[in-house]
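The values are calculated or read from the model by the stated rules, or taken from the named source; none is laboratory data. As the structure is a prediction and not an experimental result, all values here were calculated from the model. Reconstructed Cβ throughout: ideal geometry from the backbone, glycine too, with neighbour counts over all protein chains shown. The accessibility values were calculated without ligands, DNA or RNA, using every heavy atom of the protein model including side chains. Shrake-Rupley method; radii C 1.70, N 1.55, O 1.52, S 1.80 Å.
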Amino acid sequence: MATSGNERAEHLDDLATEAWDAAGSDLDLRSTLELVQLMNAEDASVPLAVAAESEAIAAAVDAIAARLLDGGRLVYVGAGTSGRLAAVDAAECESTFSTRPGQVVALMAGGDAESAAEQEAAEDDTEAGKRELEALGITDADAVVGITASGRTPYVLGALDAARSAGALTVGVVSVEASLLAGLVEHEIAVVVGPEVLAGSTRLKAGTAQKLILNMISTLSMIRIGKTFGNLMVDVDASNEKLQARVRRIIRHATGASPAAVESALADSGGNAKVAIVSLLADTDAATASARLEAANGVVRRALD
């Protein structure tokens, strides 16, 4: 039986993400300083809520990294704020970690829409989520992460249902307990941040929690697959002057080599920071360093063993 609009609205009224806090009923009467302090205090609670899900986040990261190591993809799916945050995180992986094009991607409800209002409306399209996920050719080699504060966004549910049918790893990032999404995923990350300062405005605490979690998922997955050496971004794509200078600093920090030695190693390696680092630390030529990295699946520390 189809669910009526009123029944769906009643269900939404029960969600923690839609909760109304009577203590905030006078927000428009408070001073700006009081409002700043209130929002800051509310935001300070978010990292604690994220920390409570540390084990769930770690398990999801390990599972995602395993797919990436085997050549699979990380696919984010979201709508509204969730989709926009996912798009930012996916876009930055290519420049920060030199992921191959399409290795980390984001699907956003109404991504081709001309206005934010049209994008918001598109989140109710279950079939679009399923169709757009299937269009990526998802397989059991891939990992799909659905992000939805309410845990019941139709676009995301449709995509996760398709991902599960394809045998992909499935992860859900939500801000409520016992969500609909939880029933579709292998790994649930439920960070319940409580009522928003503006009732129902999940771009606030829920959005902040999502941003923190996406930072962890992408960054820690990349660490696990060897995109870093210590806390250095040794796979950064040096596509501009700032990043080229960063690569030189990274090599200096990693090796302790002089600026002249860094320049020489970079030139010999064709600008590849990993090759330059291995050649300097192992006291070998660029060709040998490159071969050692190839045998170590691109992990600097293994290439140095």
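Name the residues in region 172-185 that are closer than 15 Å to Glu53 by Cα and outside any helix (DSSP H, G or I), would you? Hits for region 172-185 are Gly172, Val173, Val174, Ser175, Val176, Glu177, Ala178. Would you check if Asp89 is among the charged types (D, E, K, R), open to solvent by less than 30 Å² (accessible area, probe 1.4 Å) and under 30 Å from Gln244 (Cβ atoms)? Against the criterion (among the charged types (D, E, K, R), open to solvent by less than 30 Å² (accessible area, probe 1.4 Å) and under 30 Å from Gln244 (Cβ atoms)), Asp89 qualifies.
Among residues of region 60-74 being open to solvent by 40 Å² or more (accessible area, probe 1.4 Å) and aliphatic (A, V, I, L, M), the one that is modelled with the highest pLDDT is Ala66.
Whether a residue is at pLDDT 95 or above, among the hydroxyl-bearing types (Ser, Thr, Tyr), open to solvent by 50 Å² or more (accessible area, probe 1.4 Å) and within 28 Å of the chain's Cα centre (by Cα) was assessed, and Ser45 does not pass this test.
Annotation for region 140-163: no member residue is free of Cβ contacts under 8 Å to residues at least 12 places away in the same chain and under 18 Å from Ala106 (Cβ atoms).
Just checking, does region 109-118 include any residue being buried (at least 24 other Cβ atoms within 10 Å of the Cβ) and modelled with pLDDT of 95 or more? No - not one qualifying residue is present in region 109-118. If you check every pair at least six apart or on different chains, which have Cβ atoms under 7 Å apart with a residue in region 84-96 that is at negative phi first and a residue that is in a helix (DSSP H, G or I) and basic (Lys, Arg) second? So the pair list comes out as Leu85/Lys211.
Which residue is farthest from Leu68 (Cα to Cα), if the candidates are limited to region 183-227 and must be among the hydroxyl-bearing types (Ser, Thr, Tyr) and more than 17 Å from the chain's Cα centre (by Cα)?
Residues of region 183-227 among the hydroxyl-bearing types (Ser, Thr, Tyr): 201-202, 208, 218-219, 221.
Remaining after also requiring more than 17 Å from the chain's Cα centre (by Cα): 201-202.
Numbers: Ser201: 34, Thr202: 30 Å.
This residue is Ser201.
Taken together, the residues in region 36-55 that are in contact (Cβ under 8 Å) with a residue 24 or more places away in the chain and either farther than 15 Å from Thr208 by Cβ or not hydroxyl-bearing (Ser, Thr, Tyr) (or both) amount to 10.
Ala141: in a loop (DSSP other than H, G, I, E, B), within 17 Å of the chain's Cα centre (by Cα) and farther than 18 Å from Thr219 by Cβ, yes or no?
no
Name the residues in region 261-302 that are on the phi > 0 side of the Ramachandran plot and at pLDDT 95 or above, would you?
Asp283
Of the residues making up region 1-42, those that are open to solvent by 50 Å² or more (accessible area, probe 1.4 Å), at pLDDT 75 or above, within 19 Å of Val192 (Cα to Cα) and of a type in the set (A, V, I, L, M, F, W, C) are Met39, Ala41. Hey, does region 152-172 have a residue that's under 30 Å from Ile251 (Cα atoms) and surrounded by fewer than 24 Cβ atoms within 10 Å (Cβ to Cβ)? No: zero hits.
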